[in-house]
Amino acid sequence: MTALTGPAALAALTALCPPPADVPSAPDWSGAEGVLGMRLPGDYKELVAAYGPGEFSGFLTLYQPGTLNEWVDLTGPVPARLRAQLDTHHRGVLPCATEDLLAMGVTGNGHYFFWDTRPRDAPDRWTVIVTERLSAPWFTYHGTVTAFLVDVLGGALHVPLFPRDLLDDGPAFTPSRLRGRIPVTAPDTRPPVSTSTIRAWARAQGFDVPDRGRVPLAVFEAWEAREAWEAATRSD
């Protein structure tokens, strides 16, 4: 696995997986850190500034501050909601106390990335943790999120929770195409939705989706937009 850190890790990632030519302005980092009550890793800030919102290899989405899609907003309601769910519903032994976990990403299969935010005052030393739907097993990567992406997308690391066909089409980054905000309904009382349900809906709408493995980001965003619209319609 890579021992790269800082600018070297980002350079390796951009060589492996070129970022889009047109990237939105970087988030207000001081404002985001004020909301979270902690500093964020420097590599993560550089990563977000280089790529903007989107999805790696049709599967990996990092949370970012102030995104149009509240479901992947680092400073939105989802990270706190996930921590609360861990407090009440987790199964198995947690890798650390829930207050030390900060959700910062999600996969196409509904698995989550967290930072282990210890030590709190040294964010560049935080590790990356992947969990299968908020339950054991937990996979820990002792490195930065940028180095994690380099290892996963470069094929040096296979996370047991990830599909074997993740790199069949090669590493790539697909920027988000959202133009309007997708809010998180609160409280979220919807039952969990299986990917097979999303696939069936997507095919009915004319999307080309595989039978197994990854559900493309565009499909998830369209599904979430439709869910948000229906929720708003029901409340009118």
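The values are calculated or read from the model by the stated rules, or taken from the named source; none is laboratory data. Source: prediction; values computed, not measured. Here the Cβ is made from the backbone with ideal geometry for all residues, glycine too, and neighbour counts use every protein chain on show. When the accessible area is computed, the model is the full protein with side chains, heavy atoms only, and any ligands, DNA or RNA have been set aside. Shrake-Rupley method; radii C 1.70, N 1.55, O 1.52, S 1.80 Å.
For the range 151-162, how many residues are in contact (Cβ under 8 Å) with a residue 60 or more places away in the chain and open to solvent by 20 Å² or more (accessible area, probe 1.4 Å)? Walk me through it before giving the result.
Here is the first cut: in the range 151-162, the ones in contact (Cβ under 8 Å) with a residue 60 or more places away in the chain are 151-154, 156-157, 162.
Okay, now just the ones that are also open to solvent by 20 Å² or more (accessible area, probe 1.4 Å), so 154, 156-157.
The number of residues fulfilling the criteria is 3.
State the number of residues belonging to the range 72-122 that are under 23 Å from TRP29 (Cβ atoms), among the polar types (S, T, N, Q) and open to solvent by 30 Å² or more (accessible area, probe 1.4 Å).
Looking only at that region, the number is 1.
Please determine whether any residue of the range 35-58 is in contact with a strand residue (DSSP E or B) (Cβ under 9 Å, 6 or more places away or on another chain), closer than 29 Å to ALA222 by Cα, surrounded by fewer than 17 Cβ atoms within 10 Å (Cβ to Cβ) and at pLDDT 90 or above.
yes
Is it the case that some residue within the range 41-51 is part of a loop (DSSP other than H, G, I, E, B) and closer than 21 Å to GLY143 by Cβ? First the steps, then the outcome.
First, the residues of the range 41-51 that are part of a loop (DSSP other than H, G, I, E, B): 41.
Subset that is closer than 21 Å to GLY143 by Cβ: 41.
Yes, there is a match, as at least one residue in the range 41-51 is part of a loop (DSSP other than H, G, I, E, B) and closer than 21 Å to GLY143 by Cβ.
Please go through the range 44-58 and pick out each residue that is within 12 Å of PRO175 (Cα to Cα) and not small (Gly, Ala, Ser).
Answer for the range 44-58, where residues must be within 12 Å of PRO175 (Cα to Cα) and not small (Gly, Ala, Ser): VAL48, TYR51, PRO53, GLU55, PHE56.
Please tell me if GLU55 is in a strand (DSSP E or B) and of a type in the set (Asp, Glu). Before the answer, list the steps.
Details: in a strand (DSSP E or B): yes; of a type in the set (Asp, Glu): yes.
For GLU55, the condition - in a strand (DSSP E or B) and of a type in the set (Asp, Glu) - is met.
Quick check on the range 163-174: of everything there that is within 14 Å of LEU16 (Cα to Cα) and hydrophobic (A, V, I, L, M, F, W, C), which residue is least open to solvent (accessible area, probe 1.4 Å)?
That would be PHE173.
Which residue pairs have Cβ atoms closer than 8 Å, lie 6 or more positions apart in sequence or on different chains, and pair a first residue in the range 175-186 that is over 14 Å from ASP73 (Cβ atoms) and open to solvent by 60 Å² or more (accessible area, probe 1.4 Å) with a second residue that is modelled with pLDDT of 80 or more and of a type in the set (A, V, I, L, M, F, W, C)?
ARG179/LEU68
Please go through (1) without any contact (Cβ under 8 Å) to a residue 40 or more places away in the chain; (2) closer than 19 Å to LEU47 by Cβ for GLU132 and return the number of the only condition it doesn't satisfy.
Only one criterion in (1) without any contact (Cβ under 8 Å) to a residue 40 or more places away in the chain; (2) closer than 19 Å to LEU47 by Cβ is unmet by GLU132, namely (2).
Tell me, which strands (runs of 3 or more DSSP E) wholly within the range 124-234 include 1 or more residues that are at pLDDT 90 or above, of a type in the set (Phe, Trp, Tyr) and in contact with a helix residue (DSSP H, G or I) (Cβ under 8 Å, 6 or more places away or on another chain)? So that I can check it myself, show each step before the final result.
Values: elements: 127-132, 135-141, 173-175.
In the range 124-234, 135-141, 173-175 are the strands (runs of 3 or more DSSP E) which contain 1 or more residues that are at pLDDT 90 or above, of a type in the set (Phe, Trp, Tyr) and in contact with a helix residue (DSSP H, G or I) (Cβ under 8 Å, 6 or more places away or on another chain).
Among the residues of the range 22-34, write down those that are over 20 Å from VAL145 (Cα atoms) and surrounded by 15 or more Cβ atoms within 10 Å (Cβ to Cβ).
Once the filter is applied, which keeps residues that are over 20 Å from VAL145 (Cα atoms) and surrounded by 15 or more Cβ atoms within 10 Å (Cβ to Cβ), the range 22-34 yields only PRO24.
For LEU62, indicate whether it is under 14 Å from the mean Cα position of the chain (by Cα) and either open to solvent by less than 50 Å² (accessible area, probe 1.4 Å) or under 29 Å from THR197 (Cα atoms) (or both).
Details: under 14 Å from the mean Cα position of the chain (by Cα): yes; either open to solvent by less than 50 Å² (accessible area, probe 1.4 Å) or under 29 Å from THR197 (Cα atoms) (or both): yes.
Judged against the criteria, LEU62 is a match.
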